[in-house]
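Nothing in this text is a laboratory measurement; each read-out follows from the coordinates by a stated rule. A quick note: this is a predicted structure, and the numbers were derived from the prediction, not measured. With ideal geometry, Cβ positions are generated from the backbone for all residues, glycine too; neighbour counts draw on all protein chains shown.
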Amino acid sequence: MKFSELPLPEPLQNGLADAGFVDCTPIQERTLPISLSGKDVAGQAQTGTGKTAAFLVTLFTRLLKDSPPEGTHHPRALILAPTRELVVQIEQDAQLLGRQCGLTIQAIYGGVDYMKQRDALREGADVIIGTPGRLIDYLKQKVYSLKQIEMLVIDEADRMFDMGFIADLRFILRRLPPFDKRQNLMFSATLNQRVMELAYEFMNMPEKVSVTPEKMTAENVEQVIYHASRKEKFPLLLGLLRRDGMERTMIFINTKREGEYLHDRLNANGFPCRLISGDVDQKKRLRILEQFKSGELPILIATDVASRGLHIDGVTHVVNYDLPQDCEDYVHRIGRTARAGAQGKAISLADEDGALYLEAIEEYIKAKIPCEWAEDELFVTDFKRVARPKRAPLPSRGKEARPERGKTSSRQKRTPSGKGSETAAAAAPRQQPATSQGAGADEAAPAKKRRRRRKTKPSGEGQEQQPAPEAATTE
């Protein structure tokens, strides 16, 4: 099916033609006839199949056909996404497809100018694309209203649950007009039970559309895995970079600290790269992504914050330096390459820890990842070494670390034959019986107490009540 065959407004048709959209993808072909008729849709498709264009085409068509209420500046459409990068990506696609529609599009997300976004909302926007957190912040300040929303889109709904946004999502949805007064679209890579419960609660009898092929991963992605120890992974990565000449490569890691260490080592060995993670400032993250998209930056190291929703043309290689703990993240990671029919290669390095996740990944994608064994020549041993980033210092315990007055420290308690215990024993009065000593002296001289217990007590009532141990009688 072609976009020209669909009953779309002329400004939208022109925007699609300018963007080079001619043929519909499978998810677009199955979704658009239903959504353009005004029905709710819950769509499932793997990453990189054109879900964004599917709901943008429906959204623009509905807003252009229905004239807005007079004298209002409140938004008419709301698009919710889990990550800032995905919000930015959706906004760019919306500006591209809707450039001739005359609609105001505003992105709302954290990490950028707070007052600037608030002023933009006050001036009015037809379409809002945002993350739940900052949208709720402005909503509580009554900067904008959701009472006139005609179209709701939830993108990457399963990720909303994974990132803990479900409470915020429900807070927003409960402030929208009734579900039968608006059109609702929800798209996700997986439509599990939690996602469908959300759909049935806040949508108007949605039709479920699933475009999931037998292979969970894109067909044009060449997958390969190398088994290497933790110490061998970096020499092997250098060998692969030198052998394959990876023009535009994304390297995924599991932790920020490992990413910083890999970033320093690659730059020290002549491979320019940058790192993006959840702790990097938003403006810096966007600047790094722009450098990578333009080709100025050949290698991008990223945590899973960049594994979903980012459409970057020309990514030739994806390297899983750390295999993901979540099998779904593997599909999203390698989906950054081989997009829009292009070819790509996904290389995974499985160390002692990563091998534990391999079985679940292969079971999820319903395929065995081809394994290759690296020759000794592929490992680079003459690389420059750098120091591992230091861990953040632990907070000082302050006064809590000091023992209370009159009591010895735990170290003195654990070493009864040490110098501290001997000093405390010498300081205690020798003629004072054990029953009359205070708690401090009793704890400070455990060795002396044991010596007194070994002695045989004199005959009498005390001896009958507490007989001496056998070791004392044998002496």
Original post:
Which residue, chosen from Thr61, Ser37, Met115, occupies the Cα position most advanced towards the positive end of the dipole of the stretch 3-211, where the dipole is computed from +1 (Lys, Arg) and -1 (Asp, Glu) charges on Cβ about the Cα centre?
Top reply: Met115
Original post:
What is the stretch 3-211's relative contact order, in percent, from Cα pairs under 8 angstrom and six or more apart in sequence?
Top reply: 29
Subject >> Cα-based shape type of the stretch 111-186, given that a ≥ b ≥ c are square roots of the gyration tensor eigenvalues and the cut on a/c is 1.5 >> reply: oblate
**OP:** Calculate, for Gln291 and Leu96, the FRET efficiency according to 1/(1 + (r/R0)^6) with r their C-beta to C-beta distance and R0 22 Å; round to the nearest 0.05.
**Re:** 0.60
Original post:
On the first, second and third principal axes, largest extent first, how far apart are the outermost C-alpha atoms of the stretch 172-278 in Å?
Top reply: 59, 33, 26
Original post:
Roughly what would the spin-label model give for Asp313 and Ser37, points 7 Å off Cα along C-beta, in nm?
Top reply: 3.5
Original post:
What is the count of Lys pairs in the stretch 3-211 whose alpha carbons sit under 26 Å apart, if the two are 8 or more places apart or on different chains?
Top reply: 18
Subject >> Column: log10 I(q)/I(0), Debye, Cα scatterers of the stretch 26-127, q = 0.11, 0.22 Å⁻¹ >> reply: -0.37, -1.32
Original post:
Once the piece of chain linking Lys384 and Lys368 is laid out straight, how much longer is it, given 0.36 nm per residue of separation minus the C-alpha distance between them?
Top reply: 2.2 nm
**OP:** Identify the GluC sites (Glu not before Pro) of the stretch 146-251 meeting these criteria: DSSP loop state and at most 14 other C-beta atoms within 10 Å of the C-beta.
**Re:** Glu214, Glu219, Glu247
Subject >> Hypothetical label at Glu222: residues of the stretch 358-385 whose amide nitrogen lies under 17 Å (7 Å Cα-Cβ projection) >> reply: 369-375
Original post:
Under a point spin-label approximation (7 Å from Cα along Cα-to-Cβ), what is the His73-Gln141 distance to one decimal in nm?
Top reply: 1.5
**OP:** State, in angstrom, two size descriptors of the stretch 221-378 derived from its alpha carbons: Rg to one decimal place and Dmax to the nearest whole number.
**Re:** 14.6, 42
Subject >> Exposure proxy order (Cβ contacts within 10 Å, fewest to most) of Asp326, Asp113, Asp264, Asp382 >> reply: Asp382, Asp113, Asp326, Asp264
Subject >> Cβ-Cβ FRET estimate between Met1 and Tyr200, R0 fixed at 30 Å, reported to 0.05 >> reply: 0.55
